[in-house]
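Below: the structure, in structure tokens.
The values are calculated or read from the model by the stated rules, or taken from the named source; none is laboratory data. Nothing here was measured: the structure is a model prediction, and the numbers come from that model. Positions of Cβ are generated from backbone atoms using ideal geometry, with glycine treated the same way; all protein chains shown enter the neighbour counts.
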Amino acid sequence: EAQVTQNPRYLITVTGKKLTVTCSQNMNHEYMSWYRQDPGLGLRQIYYSMNVEVTDKGDVPEGYKVSRKEKRNFPLILESPSPNQTSLYFCASSFGIQETQYFGPGTRLLVL
Amino acid sequence: RKEVEQDPGPFNVPEGATVAFNCTYSNSASQSFFWYRQDCRKEPKLLMSVYSSGNEDGRFTAQLNRASQYISLLIRDSKLSDSATYLCVVNRPRAGTYKYIFGTGTRLKVLA
């Protein structure tokens, strides 16, 4: 089944404790992206990747890191999480930058 | 002013009604347009792409008006299962590539 998976789906952590949210797609998509969704603000792009080893900042990259060592995986790293990073996070992928994006199920993160 | 604007609603309509949403965008260089559906903080799922000539998929019709810079979604014969938030997505050039811009969504409630 073609899909985008994210783990964990739910996470409660404390300020400053490094965490990684994994994202994997099995559709051989080149383009992958991370978004956060907050009430009243819609989806905002954190980072995106055009292909392996090619990543770039989105609109709200501060406090996040990403890597793209393999085509299928695009982990999101929070080196030192803070409460303002409490949000709903979505990973998405598509064949190209103008193509339909497919979203993972989301990760709910609470930073205390 | 937001780059992509939607009426947040909610639009409360009875079953069987016809309902229409508009979405305006500010960047005339925008290339691709989509409507996504999102259920209660789950992942967004593509409802339909929007083509210049307009397109229809069953009870759903999408239109693009480039001159006035808006896209629309018409839902005929509304079902209870149509209750969701509808996200307008615009893809436009940025720094040699493209960028997806999401509206904050229009909430639809179909009432029995």
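Filter segment B:77-97 down to residues that are closer than 17 Å to B:Val50 by Cβ and not aliphatic (A, V, I, L, M), then give me how many there are.
4
What number of residues in segment B:47-62 are more than 10 Å from the chain's Cα centre (by Cα) and under 20 Å from B:Asp7 (Cα atoms)?
Final tally of qualifying residues: 2.
Give the residue that is surrounded by the most Cβ atoms within 10 Å (Cβ to Cβ), with candidates limited to residues of segment A:99-112 that are more than 8 Å from chain B (Cβ to nearest Cβ) and among the hydrophobic types (A, V, I, L, M, F, W, C).
Only one residue fits best here, namely A:Leu109.
Being of a type in the set (Asp, Glu) and buried (at least 17 other Cβ atoms within 10 Å of the Cβ): is that true of B:Glu56 here?
no
Being at pLDDT below 95 and among the polar types (S, T, N, Q): is that true of B:Ser32 here?
yes
If you check A:Leu76 against the conditions, is it of a type in the set (A, V, I, L, M, F, W, C) and more than 18 Å from B:Lys45 (Cα to Cα)?
So A:Leu76 fits the description; yes.
With respect to B:Arg66, is the statement that it is farther than 16 Å from B:Phe33 by Cα, away from every other protein chain (no Cβ under 14 Å) and without any contact (Cβ under 8 Å) to a residue 60 or more places away in the chain true?
Considered against the rule, which asks whether it is farther than 16 Å from B:Phe33 by Cα, away from every other protein chain (no Cβ under 14 Å) and without any contact (Cβ under 8 Å) to a residue 60 or more places away in the chain, B:Arg66 comes out as no.
So A:Met50 fits all but one of (1) over 20 Å from A:Gln98 (Cα atoms); (2) part of a strand (DSSP E or B); (3) of a type in the set (A, V, I, L, M, F, W, C); what number is the exception?
It fails just one condition, (1).
Scan segment A:96-111 and report the pairs whose first residue is in a loop (DSSP other than H, G, I, E, B) and whose second residue is crowded, with 19+ Cβ neighbours inside 10 Å and charged (D, E, K, R), with Cβ atoms within less than 8 Å and a gap of 6+ or a chain change.
As it stands, the answer is A:Gly104/B:Glu43; A:Pro105/B:Glu43; A:Gly106/B:Glu43, since those pairs meet every condition given.
Taking segment A:79-95, which residues are more than 24 Å from B:Lys45 (Cβ to Cβ), touching a strand residue (DSSP E or B) at 6+ places or on another chain (Cβ under 7 Å) and either of a type in the set (S, T, N, Q) or part of a strand (DSSP E or B) (or both)?
A:Ser82, A:Gln85, A:Thr86
Keeping to segment B:70-112, report how many residues are farther than 26 Å from A:Asp56 by Cβ and either part of a strand (DSSP E or B) or within 11 Å of the chain's Cα centre (by Cα) (or both).
Selection size over segment B:70-112: 15.
If I ask for residues that are assigned to a loop (DSSP other than H, G, I, E, B), surrounded by 13 or more Cβ atoms within 10 Å (Cβ to Cβ) and within 13 Å of chain B (Cβ to nearest Cβ), which ones from segment A:15-47 would you list?
A:Glu30, A:Leu41 - these are the residues of segment A:15-47 that are assigned to a loop (DSSP other than H, G, I, E, B), surrounded by 13 or more Cβ atoms within 10 Å (Cβ to Cβ) and within 13 Å of chain B (Cβ to nearest Cβ).
If you take the residues in segment A:78-98 that are modelled with pLDDT under 95 and at the interface with chain B (Cβ under 8 Å from one of its Cβ atoms), which one is nearest to the chain's Cα centre (by Cα)?
If we take residues in segment A:78-98 being modelled with pLDDT under 95 and at the interface with chain B (Cβ under 8 Å from one of its Cβ atoms), then A:Ile97 is nearest to the chain's Cα centre (by Cα).
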